[in-house]
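The values are calculated or read from the model by the stated rules, or taken from the named source; none is laboratory data. None of these values were measured; they are calculated from a predicted model. Cβ placement follows ideal geometry from the backbone for every residue including glycine, while neighbour counts extend to all protein chains displayed. Only protein heavy atoms, including side chains, enter the accessible area calculation; ligands, DNA and RNA are left aside. Shrake-Rupley method; radii C 1.70, N 1.55, O 1.52, S 1.80 Å.
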Amino acid sequence: MMGTLSARRGLEWLLGLYFLSHVPITLLLDLQAVLPRELYPVELRNLLTWYAKEFKDPLLQNPPTWFKSFLFCELVFQLPFFPIATYAFFKGGCKWIRIPAIVYSVHTMTTLIPILSTFLFEDFSKANGFKAQGPKTFPERLTLVSIYAPYFLIPLMLLLFMLRSPYYKYEEKRKKK
């Protein structure tokens with residue numbers, strides 16, 4: 001029993017850290033593609049430019065409309081959820097987080113499928129919508145996948161935790177007759 005409690009609390013703390021770290025990443029980097037440029041100091045714009053060029057991230061060098069739509073969802077739906085989830089997982093034992101966490105995890109994993117597929121399968125050598133920007137070699141593709149993969153794997157872990165943990169499982173309450 002104690003081991004199960006420790007494992008659950010450890011995972012809740014990991015999830016709390018994940019959501020806490022997501023707030024500055026979203027506000028300072030991700031949303032630069034959808035919010036007015038003037039909101040960001042030149043240092044943050046330069047950091048994003050450096051990252052996009054250094055790691056050959058075509059989605060942040062010249063964001064396509066479909067990717068901007070994911071970032072808009074991150075702004076409107078995910079960003080407000082991050083502090084709530086941070087609180088719930090650091091506090092621990094907040095069963096009310098189950099359904100919102102399931103919705104978040106499924107939504108996030110769904111958006112990562114086209115992103116990861118783009119990195120793995122897009123032909124960046126052509127002058128297509130990405131203007132020949134992007135990873136050229138397989139190791140460059142794997143580097144990009146490894147940067148984005150935690151945003152698929154941690155929500156997957158969250159989903160399994162919410163669905164499989166006996167602590168978070170839904171218990172039907174029956175009325176006494």
Check your understanding: Are there any pairs with C-beta distances below 7 angstrom linking a residue in the stretch 58-72 that is under 16 Å from M109 (Cα atoms) and at pLDDT 95 or above to a residue that is part of a helix (DSSP H, G or I) and among the hydroxyl-bearing types (S, T, Y), with the two at least 6 apart or on different chains, and if so which?
Key -> F70/T111
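For the stretch 29-47, state whether one or more residues are charged (D, E, K, R), part of a helix (DSSP H, G or I), in contact with a helix residue (DSSP H, G or I) (Cβ under 9 Å, 6 or more places away or on another chain) and buried (at least 18 other Cβ atoms within 10 Å of the Cβ). Give the steps one after another, and end with the answer.
Applying the first criterion (charged (D, E, K, R)) to the stretch 29-47 yields 30, 37-38, 43, 45.
Checking the rest, the ones that are also part of a helix (DSSP H, G or I) come to 30, 37-38, 43, 45.
With the extra rule that they be in contact with a helix residue (DSSP H, G or I) (Cβ under 9 Å, 6 or more places away or on another chain), the set shrinks to 30, 37, 45.
Filter once more, keeping what is buried (at least 18 other Cβ atoms within 10 Å of the Cβ): 30.
So far as the stretch 29-47 goes, yes, one or more of its residues are charged (D, E, K, R), part of a helix (DSSP H, G or I), in contact with a helix residue (DSSP H, G or I) (Cβ under 9 Å, 6 or more places away or on another chain) and buried (at least 18 other Cβ atoms within 10 Å of the Cβ).
Just name the residue that is most open to solvent (accessible area, probe 1.4 Å) out of those in the stretch 5-28 that are of a type in the set (S, T, Y) and in contact (Cβ under 8 Å) with a residue 40 or more places away in the chain.
Y18
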Practice item. Run P80 past the list (1) surrounded by 13 or more Cβ atoms within 10 Å (Cβ to Cβ); (2) assigned to a helix (DSSP H, G or I) and report the number of the one that doesn't hold. Key: (1)
Exercise for review: Could you list all residues from the stretch 49-77 that are crowded, with 18+ Cβ neighbours inside 10 Å, part of a helix (DSSP H, G or I) and under 17 Å from the mean Cα position of the chain (by Cα)?
Suggested key: L59, L60, F67, F70, L71, E74
Study note, to complete from the structure: When restricted to T118, T86, T108, the only residue open to solvent by less than 60 Å² (accessible area, probe 1.4 Å) and in contact with a Pro (Cβ under 7 Å, 6 or more places away or on another chain) is T108
Point to revise | In the stretch 151-169, residue farthest from the chain's Cα centre (by Cα) [restricted to those that are free of Cβ contacts under 8 Å to residues at least 12 places away in the same chain and in a helix (DSSP H, G or I)] | key: R164
